[in-house]
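Chemist: Before we start, here is the structure in question, set down as structure tokens.
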Amino acid sequence: MNNQNLRFFLVAGEESGDIHGARLISALKEKSPNASFIGHGGNKMKAAGMEILEHVDDLAMMGFTEVLKHLPYMINVMGKTLKKTQEIKPHRLILIDYPGFNLRLAKNIHPLGLPITYFIMPQVWAWKEKRVNTIRKCVDQALCIFPFEQEWFEQRGVNAHFIGHPFTEFHNPSINKEAFFQKHSLDNNKSLLVLFPGSRQQEIDRHLPIFVKTIALLNDENLQIIIGKAPNVSLSSIPAHWKIENDDTSLCLEYGTAVLTSSGTATLQSAVQDIPAVVSYKLSAGSWLLAKNLSHVPFAAMTNLIVGKEIVPEFLQNEMTPENLANAIRPLLNNSSERKNMLFGYEEVRRSLGIPGTYERAADAILSRTKI
């Protein structure tokens, strides 16, 4: 493959997809140095060597009303994408997460006979299961990052392959614990409770006030608080002595004692970085009703889903109260049996995620199926 001029068209529509896309491009270039890359992504994919057509900053959007507002733009992007793929005739299209756009693109591309790889599969096993029909018909290679996904997709006629989870990649903290504690003027002899209220403003607005009340109920003067702040969100009405980490929020999980986190990627990251967690999430009443009717899974936290049992406590919607959160997080701040049991459960989660080398295995799988 090394001497062949393979052309890949990649589509990532969010910040996380940009990270995965960049790592995948690097792995593909390592194995096929003459390959070229074009498509939609962000600064990291650009730095890895991809020509960017549409930037993730413009593509990332959440919620029905926001998507509706940007519909003309998205229709235009779809049209330009189809035109460009017909023009350059890439040897393979690589779709990364971002199912709302990518599954429509797959449907539109399929008649052109262009082979499609889906990397970071849509979580259709959780909701919108009918989307599996599009995947079965239009996607000829599905690369799964969760251990249970391969069997689930194969049972529904999809050519799926588990390559391991990106979180298994070795991660060296950007600074050591001493430097992190110095940066935030923290005391090494006191517990550090981490707050991850969410990565979107609407999540912050719903969750952070409940977290603030939870800390008040804990009533522990020796407890230090740090918030892992996502980019492009604002925090309000928090005590002046609380710390905020803007640059590298994974350091909070690396050096914290326990974490109160909203349901999402951080729940699995907590297991990987071995910090006890309490998971919670709150939606608007209408969205919650819709989610309950559409969801097919017994847990919200990926940590629990992977092993099929409750490793971390979950408090969703009306159960997300300061009292519930305080009672659940309190024992995790000291050397309790609850803490020990959770950390023991994490070992099972980490084992099931596979071994490092996810991007290299993805690159091998893609190149093995790509013909020039």
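The values are calculated or read from the model by the stated rules, or taken from the named source; none is laboratory data. What you are looking at is a predicted structure, and each value in this text was computed from that prediction instead of being measured. Glycine gets a Cβ as well: all are built from the backbone with ideal geometry, and neighbour counts include every protein chain shown.
Chemist: Given (1) crowded, with 20+ Cβ neighbours inside 10 Å; (2) touching an Asp or Glu at 6+ places or on another chain (Cβ under 8 Å); (3) not in a helix (DSSP H, G or I), identify the lone condition not met by residue 8.
Modeler: The failed condition is (2).
Chemist: Regarding residue 211, is this residue touching a helix residue (DSSP H, G or I) at 6+ places or on another chain (Cβ under 7 Å) and part of a helix (DSSP H, G or I)?
Modeler: no
Chemist: Test residue 263 against the criterion of being surrounded by fewer than 18 Cβ atoms within 10 Å (Cβ to Cβ) and in the same structural domain as residue 338 (by TED's automatic domain parsing), and give yes or no.
Modeler: Taking the combined requirement at face value, the residue does not satisfy it.
Chemist: Restricting the stretch 305-347 to residues that are part of a helix (DSSP H, G or I) and at pLDDT below 95, which is farthest from residue 205 (Cα to Cα)?
Modeler: Taking the candidates together, the pick is 307.
Chemist: I would also like to ask the following. With the structure loaded, tell me whether residue 281 is touching a Lys or Arg at 6+ places or on another chain (Cβ under 9 Å), touching a residue at least 40 places away in the same chain (Cβ under 8 Å) and closer than 23 Å to residue 196 by Cα or whether it fails that test.
Modeler: In short, yes.
Chemist: If you don't mind, another one. Count, please, the residues in the stretch 313-327 that happen to be touching a residue at least 12 places away in the same chain (Cβ under 8 Å), of a type outside the set (Val, Ile, Thr) and over 20 Å from residue 303 (Cα atoms).
Modeler: Final tally of qualifying residues: 3.
Chemist: Does the stretch 211-231 hold any residues that are touching a residue at least 12 places away in the same chain (Cβ under 8 Å) and among the polar types (S, T, N, Q), and which are they?
Modeler: Correct list: 214, 222, 224.
Chemist: Please work out which one of (1) modelled with pLDDT under 90; (2) surrounded by 14 or more Cβ atoms within 10 Å (Cβ to Cβ) is the condition residue 65 fails and give its number.
Modeler: (2)
Chemist: Please state which of the following conditions residue 76 fails to meet, knowing it meets all the rest: (1) over 24 Å from residue 368 (Cα atoms); (2) touching a residue at least 24 places away in the same chain (Cβ under 8 Å); (3) of a type in the set (S, T, N, Q).
Modeler: (2)
Chemist: Now for a separate question. State all residues of the stretch 162-185 that are loosely packed, with under 15 Cβ neighbours inside 10 Å, small (Gly, Ala, Ser) and over 17 Å from residue 239 (Cα atoms); if no residue qualifies, say none.
Modeler: Hits for the stretch 162-185 are 174, 179.
Chemist: On to the next question. Just for the stretch 95-137: of the residues that are touching a Phe, Trp or Tyr at 6+ places or on another chain (Cβ under 6 Å) and either aliphatic (A, V, I, L, M) or closer than 20 Å to residue 81 by Cα (or both), which one is surrounded by the fewest Cβ atoms within 10 Å (Cβ to Cβ)?
Modeler: Restricting to residues being touching a Phe, Trp or Tyr at 6+ places or on another chain (Cβ under 6 Å) and either aliphatic (A, V, I, L, M) or closer than 20 Å to residue 81 by Cα (or both), the top hit is 96.
Chemist: Is at least one residue of the stretch 159-167 under 20 Å from the mean Cα position of the chain (by Cα) and over 30 Å from residue 230 (Cα atoms)?
Modeler: Yes, that holds for at least one residue.
Quick grid of which residues meet (1) closer than 16 Å to residue 258 by Cα; (2) surrounded by fewer than 18 Cβ atoms within 10 Å (Cβ to Cβ); (3) assigned by TED's automatic domain parsing to the domain that holds residue 284:
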site	(1), (2), (3)
187	yes, yes, yes
191	yes, yes, yes
200	no, yes, yes
210	no, no, yes
222	yes, yes, yes
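Chemist: Restricting to the stretch 159-178, count the residues that are more than 25 Å from residue 349 (Cβ to Cβ) and assigned to a helix (DSSP H, G or I).
Modeler: 1
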